[in-house]
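The values are calculated or read from the model by the stated rules, or taken from the named source; none is laboratory data. Just so we're clear, the structure is a prediction, and the values are computed from it rather than from any experiment. Here Cβ is always computed from backbone atoms with ideal geometry, including for glycine, and neighbour counts include all displayed protein chains. Heads up: the accessible areas ignore ligands, DNA and RNA and are worked out on the full protein's heavy atoms, side chains in. Shrake-Rupley method; radii C 1.70, N 1.55, O 1.52, S 1.80 Å.
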Amino acid sequence: MLNDEITAPESQFENLGEVVDRDDDTGVMQVESLCMNCHDQGITRLLLLRVPYFRDIILESFECEHCHFKDNSVKSAGQIQEQGCKYTLIVENEDDLQRQVIRSDLSIFKLESLGIEMPKGESQLTNIEGVVQRIYESLSGEQELRKEQAPELYAALEPIIEKLKDIMDRKGFPFTVSLDDLTGNSWIAPNTTDRGNKYRRQEYPRTHEQNEDLGISQDPNASEAEAKDVNDMGNPEDLDIVDGQVYELPTECPGCNSSGAVTRIKRVNIPHFKEVYIFGTSCEDCGYKSSDVRTGGEVPEKGKRITLRVENIVDLSRDILKSNTCALSSEDLEIEVQPGTLGGRFTSVEGLLTEIKDQLYGHIFDAGGSTGGDSMQNTEKGKWERFFANLDAAIAGEKKFSITLEDPMASSYVQDLCSPAVDPQIDIEEYVRTAEEEEELGFHDMKTEGYEEDAKKDEDKDEDKEKATAAMDNLIEASMGN
């Protein structure tokens, strides 16, 4: 995974101790460090690596020659990201098991299919198989002892361990894993063949409490101040919201975590569509800016699939609304964007393609414009170069292509240039939502009739379930900690 072009900047390793050795060929640095086991001096080896599609990381390896204690970890070479990030992957075969995983010490790895959560506190550079194997070894290592001393815990863990063994023996496909990191510095490798909901990456804003947990909240009273400011506005249901008027709400900045940011909200009615709420957040302290779009109205009975054939420059200027629940794809451009990836966007076709390019370009290419990544092969580099050349031609109006928006909430829109006549370049199709889409949107958990009568029963059931789940999680975490 080493790359001769990558060097470790001096600033990355300042104040870590006395540098006793540096390998100019590999970039490995050796630093004298205190051993936390025997309190004598050991050696920490540091290596800065660039991970394809991700960012720079630092590999740390400590060894003490006095007591032979060893420890390895991986750290982000950058700062805490503006938003948290969650990755979800459906593991279906051997190739998926070999996907690279970077876990920070604050991330939570879950085997969603088995309900197992790997606790925080351990950073790793490994693959899916390596994480599963670590969980398996942690749980199975002391089963014989548990059988004698804690038979209830032994019986509870036995079926879980058997399922983990099936996964290790390649018999447990498919299963779902997730990796959630508040700092945004963890990662599961994507694949160019991923389709549908197999691989999902979702960014989310941290709450004030989460920023406090990370120790990056500048104002400890920001949450209370924001709540007071919002309460002073009165009940939102009593407000007369006017189309086109801008409303302002104080918020905590995701960039610098100060309380000087403002979120502006504006309602717009799009002709022949529905009402749309445009959100824009900006911070005067650090210059942070972000935007999002949400649609209002009732939940439609069916989803909607819109296909636009882009044939000229005029088509690139069409207004396009991509909601947060909308998937975007184009076979001509080899693009597939999953719901939630770009958030909600109200822009033009050209603007949307440019956003897709900018987001991908930052992960694939470094600042110098060359393809980044220590383990990216030449064939992969060539594939990405062709992809971006194709995308640039489409943005410049030099290539005809089709683009499809598939939205189970029917909340996406493409401007019709021939209204009220039928636009020959737009195909609109309604479709019945799949059970998976209904589940993702939370419709299976909704109850609109008789909910008052069953509310108490549901609360009691949920309480019992939460207690049982918490007890099992504590048992698993204690076992893995041992």
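Accessible area of residue 120, 1.4 Å probe, to the nearest 10 Å²?
That residue has around 110 Å² of solvent-accessible surface.
For residue 148 and residue 347, FRET efficiency with R0 = 56 Å and r from the beta-carbon atoms, rounded to 0.05?
Working: r = 64 Å, r/R0 = 1.15.
Step by step, r from the Cβ atoms, then E = 0.30.
Using a 1.4 angstrom probe, figure out how much accessible area segment 251-315 has per residue, in square angstrom, rounded to the nearest whole. Don't skip to the answer; put the middle values down first.
Numbers: 3470 Å² over 65 residues.
On a per-residue basis, 53 Å².
Any idea of residue 402's accessible area? Nearest 10 Å², probe 1.4 Å.
The accessible area comes out at roughly 40 Å².
Suppose accessible area is computed on protein heavy atoms with a 1.4 Å probe; arrange 170, 294 from highest to lowest. The partial results should precede the final answer.
On the way: 170 85, 294 105 Å².
Highest to lowest solvent-accessible surface, that is 294, 170.
Could you order 417, 316 so the one with the most accessible surface comes first? Probe is 1.4 Å. Display every interim value, and only then the final one.
Working: 417 85, 316 5 Å².
Reading off the accessible areas and sorting them downward yields 417, 316.
For an R0 of 60 angstrom, estimate the FRET efficiency from the Cβ-Cβ distance between residue 193 and residue 22 and round to the nearest 0.05.
On the way: r = 40 Å, r/R0 = 0.67.
The value I calculate is 0.90.
Expressed in nm to one decimal, what extension gain is obtained for the pair residue 264 and residue 61 from 0.36 nm per residue of sequence separation less their Cα-Cα distance? Write down the numbers at each step before the final one.
On the way: separation 203, 0.36 × 203 = 73.08 nm, distance 4.70 nm.
Taking residue 264 through residue 61 to full extension adds about 68.4 nm, to one decimal.
So how much slack lies between residue 286 and residue 385, counting 0.36 nm per residue of separation and subtracting their Cα-Cα distance, in nm? Before the final figure, lay out the partial values.
Numbers: separation 99, 0.36 × 99 = 35.64 nm, distance 3.37 nm.
Extra length available between residue 286 and residue 385 comes to 32.3 nm.
Quick one: if you stick a label point 7 Å off each Cα along the C-beta vector at residue 246 and residue 68, how many nm between them?
Distance between the two pseudo-spin positions: 6.8 nm.
For a 21 Å ceiling on Cα separation, which of these pairs sit above it: 110/165; 357/399; 120/171; 86/274? Present the calculation step by step, with values, prior to reporting the outcome.
On the way: 110/165 16 Å; 357/399 16 Å; 120/171 28 Å; 86/274 31 Å.
Result: 120/171; 86/274 exceed 21 Å.
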